[in-house]
Amino acid sequence: MSAMNFNGNRSLARDAQKILERADDERIPTVWDRLAAQEPQCGYCAMGLSCRNCVMGPCRIDPFGEGPQKGVCGADADTIVARNLGRSIAAGASAHSDHGRDILETFEALAEGKTIGYRITDVEKLHALARERGIATVSRPPEEIARELARAMFEEFGTRKQSLDFLSRVPEKRRALWRKIGITPRGIDRESVEMMHRTHMGVDNDYANILLHALRTSLSDGWGGSMIATELSDVMFGTPRPVVSQVNLGTLKPDHVNIALHGHNPMLSDVIVQAAQDPELVRLAKEKGAAGINLVGLCCTGNELLMRRGIPMAGNHLMQELAIMTGALEAMVVDYQCIMPSVTDVAKCFHTQVISTFDKAKFPGAIHIPFDPERGIEIGKQIVRRGIEAFPYRNPQRVRIPVEPVPMMAGFSVEAILGALGGTPKPLVDAIAKGTIRGAVGIVGCNNPKIQQDYGHVTLTRRLIENDVLVLVTGCAAIANGKAGQMMPEAAEMAGPGLRSVCQALGIPPVLHLGSCVDNSRILVLAAALAGALGVDIDQLPLAGAAPEWYSEKAATIGTYVVASGIFTVLGVQPPIFGSKKVVDLLAGGLESIVGAKFAVEPDPEKAALLIRRHIESKREALGLPRLPLESIRGAEAPAASTHAAD
Ligand code: BF8
Ligand code: SF4
């Protein structure tokens, strides 16, 4: 396997290692086995050189120059690679933005008084969002404001406009740059639809023109669909504030009915949390012999519940099959995105019920209980009841909960971060200016079985905090760091002296949990706030992004909007673009002179940390801030052994 640092272990985390022993003993296939069965994976596809955009094809370009260099239509490697990447970015943007639209529809239904189990929790944020759009707030009931806000936000998706409303948050210099190069996002759906149009046979054949539109498409997600999802989730379910909970498979309780909430959208899972407190259901669980009902999260639905409700987190992307294999899970409730179709296969080996909840995401082998915001709480109760009724079918001999849970702090919304700083970004700006904190890095994205699970996230994070770089995490990267014990205030001990002193003064961890993957929009907002405080553009700041273990099209989109917003980004898994030198040169080189930032690909997190630290110091120098000599940032760091804190 071409994997990074496996050392015989598919995961860095103890809980996964233990359950994988069971999988091997009982011959229950997992994602790792299926990856092995797929190898060698198709080299044309891995390089982005295959095209099936029409039925004159499928076509492929020979990377060695011996076979065909053109598809049947005449498209060359550059066009094909750029088109494929563009379509992936449109798919990722569509996933996040459709999630945003679903939240918006529920928000509108709430404003119209049609829902049960939802309320406007953060009225202050509702007012702030309304004011941003010039919607009057004085002496108006929240529902009336919400209706008008919902209408304004629906306009963002498809109607004819020149730019998205949230662009008012972008520094003027960056907005001017986007205007100049023609990538101002106009409508959330529009940019993705236009990408599908451009990549149809015989439309846009200029690789650079396609890639510029890919930037625009990604911006329609970051500053559009994802930002709507984040902000409205805050209004409805509460803006996150720091909270301590627990993480890993040890959050499952041997004597409780365990229900895992998996996917991305908090709309249903939030009412399930309410339903699980229903005295009648708690009584039913006890009648069935359980001590109570225990909810745990997985993936980004888990992040949403962790940061707002303190619900413990069972694990990240590669833990979904393994959670079922504890034998202690009565139900896995799924909404959408990142849910492996294999979960229903694994569930067949145990008593676990997989319950799908969105009509747009059905799973053969699952029970389908469709979500309806107008009956939210009632459906939540129905689902919890299903889980309780499965409890008597659990085989106690088969239960294996392999570890104790680890504490983890979550809930650092931008509001919470600014709150901790006393209401303004100035203390953070000052700490960066002085060099106490060298800079900040967003580490985001998935697990991918091509990399030892969590190794990329945990190692890169550790190296950065050791060197006084503040780390902001979301998605599965956050969960990896939680499992490794890097997300409690005590973890400040692991940080360099400058970052440690700041964290200890504020009582915060050196690695801040900003939420789920749509909440990468919070990182954009924070970056814009820092740029505003310094009066510069985002690309001038000592910031970077990284997706060490990314797998999904959504992650490709996130990386792209982060770069288009002016932040250097390092990918740990090679994207399928290496079939075109021109595409690689543009994304990892030329883009810097266009948007002030570019991509790098570096699978080794030790080396990625060096790349990022050098980048941060060079940005510091350009701003006239004290910097470390670049020569001092060599590959001299200790080997990875010290980072393996997961067990
Ligand atoms: O949206 S980090 S594996 S769960 S895609 Fe998926 Fe990746 Fe996890 Fe969250 Ni994001
Ligand atoms: Fe082949 Fe061109 Fe059709 Fe792609 S669009 S499948 S390269 S003919």
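The values are calculated or read from the model by the stated rules, or taken from the named source; none is laboratory data. On a predicted model such as this, the values are computed, not experimentally measured, just so you know. When we count neighbours, we look across all protein chains shown, and the Cβ atoms used for this are built from the backbone with ideal geometry, even at glycine. What goes into the accessible areas is simple: the full protein's heavy atoms, side chains included, and nothing from ligands, DNA or RNA. Shrake-Rupley method; radii C 1.70, N 1.55, O 1.52, S 1.80 Å.
Computed over protein heavy atoms with a 1.4 angstrom probe, the accessible surface ordering of Ile120, Ile401, Ile616, largest first, is Ile401, Ile120, Ile616. All other residues whose Cβ lies under 11 angstrom from that of Cys349 are scored, Lys and Arg at +1 and Asp and Glu at -1, for a net of +1.
Averaging Cα coordinates gives a centre for segment 572-634 and one for segment 44-105; these two points are 25 Å apart. Inter-part distance, segment 457-514 to segment 190-240, computed on C-alpha centroids, equals 30 Å.
Rolling a 1.4 Å probe over the heavy atoms of the protein chains gives segment 570-640 an accessible area of 46 Å² per residue. Protein heavy-atom surface of segment 91-237, 1.4 angstrom probe: 51% of the accessible area is carbon and sulfur, with nucleic acids and ligands not counted. Taking only protein heavy atoms and a 1.4 Å probe, the accessible area of segment 411-632 is 59% carbon and sulfur. Between segment 530-564 and segment 365-383, how many Å separate their Cα centres? Using only Cα atoms to place each centre, the spacing works out to 37 Å.
Straight-line reach from Lys173: which lysines have Cα under 19 Å away, leaving out those fewer than 8 places along the same chain? The qualifying lysines are Lys598, Lys619. Among the trypsin sites (Lys or Arg not before Pro) within segment 87-117, not one is in coil by DSSP while having at most 10 neighbouring Cβ atoms inside 10 Å.
Express the carbon and sulfur contribution to the solvent-accessible surface of segment 243-398 as a percent, rounded to the nearest whole number, probe 1.4 angstrom. Solvent-exposed carbon and sulfur of segment 243-398 make up 49 percent of the total.
Are there any GluC sites (Glu not before Pro) in segment 374-478 that are in a DSSP loop and have at most 16 other Cβ atoms within 10 Å? List them by number.
Listed in order of number, the matching sites amount to none.
Near the amide H of Met488, within less than 5 Å, lie the amide hydrogens of Met409, all on another chain or at least 5 residues away, with H placed in the peptide plane. Is any helix in the chain, taking whole DSSP H runs, at least 30 angstrom long along its axis by alpha carbon and on average at least -0.5 on the Kyte-Doolittle scale, and which ones? Counting only whole DSSP H runs, the qualifying helices are 77-111.
Using the heavy atoms of the protein chains alone and a 1.4 angstrom probe, what is the accessible area of segment 91-237 per residue in square angstrom? Working shown, then result.
On the way: 5720 Å² over 147 residues.
Accessible area per residue: 39 Å².
Under the combined filter of DSSP loop state and at most 15 neighbouring Cβ atoms within 10 Å, segment 292-369 retains these trypsin sites (Lys or Arg not before Pro): Lys348, Lys360, Lys362.
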